[in-house]
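The values are calculated or read from the model by the stated rules, or taken from the named source; none is laboratory data. Keep in mind that what you see is a predicted model, and the values were worked out from it rather than measured. Here Cβ is always computed from backbone atoms with ideal geometry, including for glycine, and neighbour counts include all displayed protein chains. The protein model used for the area step is the full one, side chains on, heavy atoms only, and it has no ligands, DNA or RNA in it. Shrake-Rupley method; radii C 1.70, N 1.55, O 1.52, S 1.80 Å.
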Amino acid sequence: IFLYKKKQSEKLEQLQNFEARKAELLEELRCAEAKLDAASHNLSKNRQFYSEKLEKEIVEELKELNFADVKFGIAFSKMDHYTKQGFDMIEFQISTNPGEPVKALTKVVSGGELSRIMLAIQTVLSAHDDLDTMIFDEVDTGISGSAAQKVGLKLHEVSRYAQVICIT
């Protein structure tokens, strides 16, 4: 009975102090949102800083894979909500033809090109990724000779960090 009385007294106190508790919780929420926003801005600034280096390294790898006049970019936009990765929406963009502006990677390339582009990206990132296996589909499509040899060398380089499976 005493335990029941204690629980009911606590409930009554919560109801009587509802507005004060609500204000306290709203202040905690505001502080948490401010911290989240600051952390997301910091993360975004770091991403944008390192994206310039990443873009250059990927372009160099793409040139080695016979993408002669390639342009590669990483575009940032802000989402209207937060995720556990911050608020950035990141899109890889590419132009494989001279004089063409960069466009979303998903809208520009074929399957074989996409595999070679992913090979270039993975060559740059493989030493830092925790991937056990990488699968490349049609990475050899439409290439031969020295280009095929370069693709083979890149696959060998990536295989130092993960198992590589090629579908051809």
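Just a few scattered comments:
- Each Cα pair under 8 Å and six or more residues apart adds its separation to the average, and for segment 1-119 the resulting relative contact order is 17 percent.
- Under the criterion of Cα pairs below 8 Å and six or more residues apart, the relative contact order for segment 52-138 equals 26 percent.
- Accessible surface of Val109, taken over heavy atoms with a 1.4 Å probe and every protein chain present, rounds to 30 Å².
- Taken per residue, the accessible surface of the chain reaches 70 Å², heavy atoms only and a 1.4 Å probe.
- Using only side-chain charges placed at the Cβ, +1 for Lys and Arg and -1 for Asp and Glu, the dipole size of the chain relative to its Cα centre rounds to 640 debye.
- Percent of alpha-carbon pairs separated by more than 16 Å within segment 56-168: 62
- In units of the rule-of-thumb radius 2.2 N^0.38 Å, segment 17-60 shows an alpha carbon radius of gyration of 2.05.
- The simple Förster model, with R0 at 30 Å and r as the Cβ-Cβ distance, assigns Tyr82 and Glu10 a FRET efficiency of 0.35.
- Computed extension length for Lys107-Leu125: 4.2 nm, one decimal, from 0.36 nm per residue of separation with the Cα-Cα distance subtracted.
- Per-atom-type breakdown for the chain gives carbon and sulfur 55% of the accessible area (1.4 Å probe, protein chains only).
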